[in-house]
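A short worksheet on the structure shown next.
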Amino acid sequence: MEITIKERDNKGFALARQNDERMGMMTYSVAGPKLIIIDHTEVEETYKQQGVGLKMLEALVDRAREKSQKILPLCPFANAMFKRHKELQDVLK
């Protein structure tokens with residue numbers, strides 16, 4: 001699985017792909033130089049329950065750590081993952 005993060009202006013997304021097939025996407029808004037807001041996660045039906053959403057979140061967490069950013073998870077999935085995975089909470093807003 002390959003996770004690509006793209007950002008333009010004040011919007012961004014993490015895209016999960018495998019063999020040129022889209023597995024899922026997690027979208028976010030840039031609320032300033034120190035904060036991103038995850039607003040939506042979707043995983044293709046074929047790949048549900050395989051950890052795709054968590055992998056996208058982990059990629060965004062790694063990027064937030066590199067940029068000294070915090071993450072506000074408005075997306076119910078991302079919020080639930082932050083609650084479940086304590087090791088991700090250092091970037092939680």
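Looking across the range 11-21, the residues that are over 15 Å from the mean Cα position of the chain (by Cα) and modelled with pLDDT of 95 or more come down to GLN18, GLU21. Per the conditions (1) under 10 Å from the mean Cα position of the chain (by Cα); (2) loosely packed, with under 15 Cβ neighbours inside 10 Å; (3) touching a residue at least 12 places away in the same chain (Cβ under 8 Å), the sole criterion not satisfied by ASP62 is (3).
Taking the stated definitions as given, is GLU87 over 15 Å from MET1 (Cβ atoms), modelled with pLDDT of 95 or more and acidic (Asp, Glu)? Taking the combined requirement at face value, the residue satisfies it.
The values are calculated or read from the model by the stated rules, or taken from the named source; none is laboratory data. Note that this is a predicted model, so its numbers are computed, not measured. Note: ideal-geometry Cβ built from the backbone for every residue, glycine included; neighbour counts use all protein chains shown.
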